[in-house]
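Below is one structure, written out as structure tokens; the observations come after it.
The values are calculated or read from the model by the stated rules, or taken from the named source; none is laboratory data. This one's a predicted model, so the numbers in the text were calculated from it and none came from an experiment. Cβ sites come from the backbone with ideal geometry, for glycine too, and all protein chains shown count toward neighbours. Heavy atoms of the whole protein, side chains included, go into the accessibility calculation; ligands, DNA and RNA do not. Shrake-Rupley method; radii C 1.70, N 1.55, O 1.52, S 1.80 Å.
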Amino acid sequence: VPSGNGPEPRKAQVLCVPWPNPREVLEWATAAGLPGIPSDFRKVPLEELTEVVAEATSAMIANLSELMVLGVPKILAAHLAVEGTKLGSEQSMMLTRGVGTLSYQQLHPRLFDYVALGHHHLAQEVGLDPPGAYAGSMMRVDFGESDEPKGFYVVDIEQGQPAETAFVPVRSRRFVTVDVRPKQEDPMAEVIAAIDKAGVADAIVRVIVRLSRAKAELFREAEVRRALEAAHSVAYIKREIDQDGRSRSPDGTRWEDLGPIEALRLYLRQKGTPGARLEELVVAAQRLLG
Ligand SMILES: [Mn+2]
């Protein structure tokens, strides 16, 4: 692709890797005579398929990179989940692997001047030599991304020198959560004050008001809506009414201490699900959870 508007027009080479479709990648790998490709990959268990697809994608990158010429900057642009990267600011590192997951080394970063990654919404640097990064999304898409800086990378590549990267923040629409537990008997003044303090102008807003039963009677949603007029949009206004015992399961265990299967059992039992059906659902859930 042509690059730059100066007196000497320049060029860059970009190798683009879309999110791997296992069938397409493995058909390519078979045609290319790559060793270790199962003939009927539909029968391969997911964990093995992940690795086979990763290996084949890696080989494909190395193979295609041979088409690149010397003396023109080389960029890898890949839609992939790189092992050890972060999904979001509140989530931990990627530990589970699925199709589309590769280690950074499997991208052969040293064949390129810059590795531009896409998939995660959180901007993050992945490699240093050569630099590689997820620019992340420029727009926030949900409340989980409230605190993530949003922007893009400007990358300067001068042939024969390490590429220089700079993250340029953009003003992405804010996601604002107003979470308030009013203490006064009439809760409205505190709710409105909390909204004013949060600064909701042009933001996507959700309001959670935690109330006792008595205070809930005095809650007036129309007033909250009026206080949110400057917001870009209101996701929801939720009244959480305190109910004793709701935060604990019947046997006194705290919900958050339960594992997913235990929590499912409890939920199904409370719903009155018949025993045989309950066991069936638990088995199905266990399969889903791996
Ligand atoms: Mn993606």
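A few points about this structure:
- Residue, surrounded by the most Cβ atoms within 10 Å (Cβ to Cβ), within the stretch 1-37, restricted to residues that are among the polar types (S, T, N, Q) and closer than 20 Å to L117 by Cβ: Q13
- Qualifying residue in the stretch 124-136 (condition: of a type in the set (D, E), surrounded by 19 or more Cβ atoms within 10 Å (Cβ to Cβ) and either within 16 Å of the ligand (Cβ to nearest atom) or farther than 21 Å from P18 by Cβ (or both)): no
- Scanning the stretch 12-50 for residues that are more than 16 Å from the ligand (Cβ to nearest atom) and touching a strand residue (DSSP E or B) at 6+ places or on another chain (Cβ under 6 Å) turns up A12, Q13, V14, L15.
- Hey, G98 surrounded by fewer than 15 Cβ atoms within 10 Å (Cβ to Cβ) and part of a loop (DSSP other than H, G, I, E, B) or not: yes
- Odd one out for M139, checked against (1) within 16 Å of the ligand (Cβ to nearest atom); (2) within 23 Å of Y236 (Cβ to Cβ); (3) open to solvent by less than 80 Å² (accessible area, probe 1.4 Å): (3)
- Close pairs from the stretch 98-122: first closer than 9 Å to V82 by Cβ and at pLDDT 95 or above, partner of a type in the set (S, T, Y) and within 12 Å of the ligand (Cβ to nearest atom), Cβ under 6 Å, at least 6 apart: L117/Y134
- Residues located in the stretch 129-151, provided they are out of contact with any Pro (no Cβ under 9 Å at 6 or more places or on another chain) and outside any loop (DSSP other than H, G, I, E, B): A133, Y134, F143, G144, E145
- Of the residues screened, S65 is not one that is open to solvent by less than 90 Å² (accessible area, probe 1.4 Å), of a type in the set (S, T, Y) and within 22 Å of A135 (Cα to Cα).
- Residue check, L46 over 30 Å from D156 (Cα atoms) and hydrophobic (A, V, I, L, M, F, W, C): yes
- Any chance G151 is surrounded by 16 or more Cβ atoms within 10 Å (Cβ to Cβ) and without any contact (Cβ under 8 Å) to a residue 24 or more places away in the chain: no
- Qualifying residues in the stretch 154-168 (those that are open to solvent by 30 Å² or more (accessible area, probe 1.4 Å) and small (G, A, S)) - the one nearest to K74 (Cα to Cα): G160
- Close pairs (9 angstrom Cβ cut-off, 6 or more residues apart or separate chains): without any contact (Cβ under 8 Å) to a residue 40 or more places away in the chain in the stretch 276-290, in a loop (DSSP other than H, G, I, E, B) and open to solvent by less than 80 Å² (accessible area, probe 1.4 Å) anywhere: L281/T273
- Total residues in the stretch 69-81 satisfying the condition of being away from the ligand (no atom under 16 Å from the Cβ), open to solvent by 30 Å² or more (accessible area, probe 1.4 Å) and touching a residue at least 12 places away in the same chain (Cβ under 8 Å): the figure is 5.
- Odd one out for V53, checked against (1) within 25 Å of the chain's Cα centre (by Cα); (2) more than 16 Å from the ligand (Cβ to nearest atom); (3) surrounded by 18 or more Cβ atoms within 10 Å (Cβ to Cβ): (2)
- Residues located in the stretch 102-123, provided they are part of a loop (DSSP other than H, G, I, E, B), of a type outside the set (A, V, I, L, M, F, W, C) and within 15 Å of the ligand (Cβ to nearest atom): H119, H120, H121
- Candidates A81, A54, A12 - the one that is among the small types (G, A, S) and farther than 28 Å from L288 by Cβ: A12
- Yes/no for V168 being assigned to a strand (DSSP E or B) and without any contact (Cβ under 8 Å) to a residue 24 or more places away in the chain: yes
- The set of residues in the stretch 195-230 being out of contact with any helix residue (DSSP H, G or I) (no Cβ under 9 Å at 6 or more places or on another chain), aliphatic (A, V, I, L, M) and in contact (Cβ under 8 Å) with a residue 12 or more places away in the chain consists of A198, A201, A203, I208, L211, A214, A216, A230.
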